[in-house]
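Colleague: Structure incoming, see below.
The values are calculated or read from the model by the stated rules, or taken from the named source; none is laboratory data. Just so we're clear, the structure is a prediction, and the values are computed from it rather than from any experiment. Neighbour counts are summed over all protein chains in view; Cβ atoms, including those assigned to glycine, are modelled from backbone coordinates with ideal geometry. With ligands, DNA and RNA removed, areas are computed over all heavy atoms of the protein, side chains included. Shrake-Rupley method; radii C 1.70, N 1.55, O 1.52, S 1.80 Å.
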Amino acid sequence: CIVGDPIKEDISGVDFLKEKSDSILEIVKTKKITHMFVFSFDRLTRSFAEGVKMVHSLWDNNVQIVTSTFSPDKNKHADRIRVYLSLLFAEMEHGGIGERTRRGIIHKMKQGIWSREKPPWGFEIVDQTLKVKEDFVEIINFIFKTFIETTDYTETARRANEKYRGKLNRELKGGNIKSIIS
């Protein structure tokens, strides 16, 4: 076994192999790596498809994968199934993390707590609570009423820009309206 430098990147597990698979395989081939140590498959990737491709590429290059819980034998059907299930659960868990995060944010917002760094346009954070800026109350109310009527972010932005051209510090776009409504 030839020891390679650890590969540690501060990017999402969903994107890690999309961005790093070529360089990983290049290291494997040039340094003749025989073993790849990864804490668990969810640390390698959160993408089932990318994970399967990488595992098969490593196995095609006779690389033994070692995790904290097991070292799968590519020739054993049960081990291959376990690898695929680990990769599948890693992707599923990633989706669950996002859903739990969204639910947590919504729960905090219902309590009036704003947990994000920057408040939406026209709002300010006072004691972790989202408050409409006094100068924007009329405009925000207009935006909500217009969106309820049109259900269209771009049309709501167009009407708000038209009505409040002198009061707005910039022209609103559909994305701004979506942020405000959200």
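Quick grid of which residues meet (1) modelled with pLDDT of 95 or more; (2) within 18 Å of Leu25 (Cα to Cα):
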position	(1), (2)
Arg43	no, yes
Ser47	no, yes
Val52	no, yes
Ser57	no, yes
Val66	no, yes
Ser71	no, no
His77	yes, no
Arg80	no, no
Val83	no, no
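Colleague: If you don't mind, another one. Which residue, of Asn169, Asn176, Asn161, is more than 30 Å from Gly51 (Cα to Cα), without any contact (Cβ under 8 Å) to a residue 24 or more places away in the chain and part of a helix (DSSP H, G or I)?
Modeller: Of the residues listed, the single one that is more than 30 Å from Gly51 (Cα to Cα), without any contact (Cβ under 8 Å) to a residue 24 or more places away in the chain and part of a helix (DSSP H, G or I) is Asn161.
Colleague: Can you work out which of the residues in the range 101-149 that are at pLDDT 80 or above and among the aliphatic types (A, V, I, L, M) is surrounded by the most Cβ atoms within 10 Å (Cβ to Cβ)?
Modeller: Within the range 101-149, the match that is surrounded by the most Cβ atoms within 10 Å (Cβ to Cβ) is Ile143.
Colleague: Mind listing whichever residues of the range 150-170 are open to solvent by 50 Å² or more (accessible area, probe 1.4 Å) and either on the phi > 0 side of the Ramachandran plot or of a type in the set (Val, Ile, Thr) (or both)?
Modeller: Correct list: Thr151, Thr154.
Colleague: Between residues in the range 36-48 that are surrounded by 14 or more Cβ atoms within 10 Å (Cβ to Cβ) and residues that are polar (S, T, N, Q) and at pLDDT 85 or above, which pairs lie under 7 Å by C-beta distance while being six or more apart or on different chains?
Modeller: Val38/Thr67; Phe41/Thr67; Phe41/Ser86
Colleague: Please give the strands (runs of 3 or more DSSP E) falling wholly within the range 29-147 in which 2 or more residues are within 28 Å of Asn161 (Cα to Cα) and aliphatic (A, V, I, L, M).
Modeller: 123-126, 129-132
Colleague: I'd like to verify a number: residues in the range 89-100 that are closer than 17 Å to Asp42 by Cα and at pLDDT below 75, how many?
Modeller: 4
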